[in-house]
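Working notes, beginning with the structure itself.
We did not get these values from a lab; they are worked out from the coordinates using the rules stated. Bear in mind the structure is a predicted one, so any value in this text is a computation, not a measurement. FYI the Cβ positions are ideal-geometry reconstructions off the backbone, even for glycines, and counts take in every protein chain you see.
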Amino acid sequence: MKVVGFSFIRNAVKFDYPIVESITSILPICDEFIIALGNSDDNTEDLIKSIDSNKIKIIHTTWDDSLRKGGKVLAVETNKAFNQIKDADWAFYIQGDEVIHEKYLPIIKESMEKWKDDQKVEGLLLNYTHFYGSYDFVGDSRRWYRREIRIVRADKNISSYKDAQGFRKNERKLNVKHIDAWVYHYGWVKPPFEQQEKQKYFNTLWHDEEWIKKNIKQTNQFDYSTIDSLSLFEGTHPKVMQERINKLNWKFDFDPTKKNFGMKTKILHWIEKKSGWRIGEYKNYKII
């Protein structure tokens, strides 16, 4: 079985992306890893090259910053990496702020082996844990997506969809198996200054300057306190994240009993917590 990891990145140093941790977290079960390195104005290339592995292949790309509608440029860059994959059974996608805990690698590998020859299975669906504010809190409201496809067939009829959140095959949803493994998403755990800079930049991939001026606070520090609902994280972080966690240099406190919901959201939240059913959940996949 051949597995190729792939991702894209741009300005990882400037926006404090844990891209090194992302890549190294899945390298043990990948035969190769392709990273589409976008035109950066920092030392992102040196950062990627600092990873001590001959599995990594860098392709240089230039982002089309005019592709603002729906974050399309993110899917375009994802496809540039995906299209470089040759003769693989599975392609393992991971974004620059996602990390896989080492305890899930055996489950993921076993699942890939189990369905390698079953062509009806076009992808594997993973669960998500979204960290917010610090490494001690996770988002637990409806605003956070619960599952996404992160492993797909190396099939050129498959492509990244919309803003690179999922995949489609010839514009239809993929048929997938849901596996008992989690992606740890650290995109909302950055120093407040870097988080605010990321928000200013990231929204340029969707909106024009006028929208950003009206909707993004003109401040140097991101305000983490406005979140609707969080719970305490009761597990361990991936080993590859430990050095980064040890360097945390800001303080974030939150009362997990605090819920900033309207009445409708409060009812929906209660139903989900009691039953596990998320009413009206968007699913960019078909579980088989």
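What the table shows:
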item	result
Descending principal axes extents, the chain, alpha-carbon based, whole Å	49, 47, 38
222 nm mean residue ellipticity, helices alone, for the chain (DSSP H n ≥ 4; -39,500 (n - 2.57); rounded to 500)	-7000 deg cm²/dmol
Relative contact order [Cα under 8 Å, 6+ residues apart], the stretch 1-149, whole percent	29
Lys/Arg +1, Asp/Glu -1 at C-beta; the chain dipole; positive extreme among Ile216, Gly123, Tyr186	Gly123
Residue pairs, from the table Lys103/Lys239; Lys72/Lys169; Lys69/Lys120; Lys69/Lys200; Lys14/Lys259, whose Cα atoms sit over 21 Å apart	Lys69/Lys120; Lys14/Lys259
Environment charge of Arg146, counting only residues whose C-beta is closer than 9 Å and scoring Lys/Arg +1, Asp/Glu -1	0
The chain, relative contact order [Cα under 8 Å, separation at least 6], %	21
Cα pair distances exceeding 20 angstrom across the stretch 32-146, given as percent	59
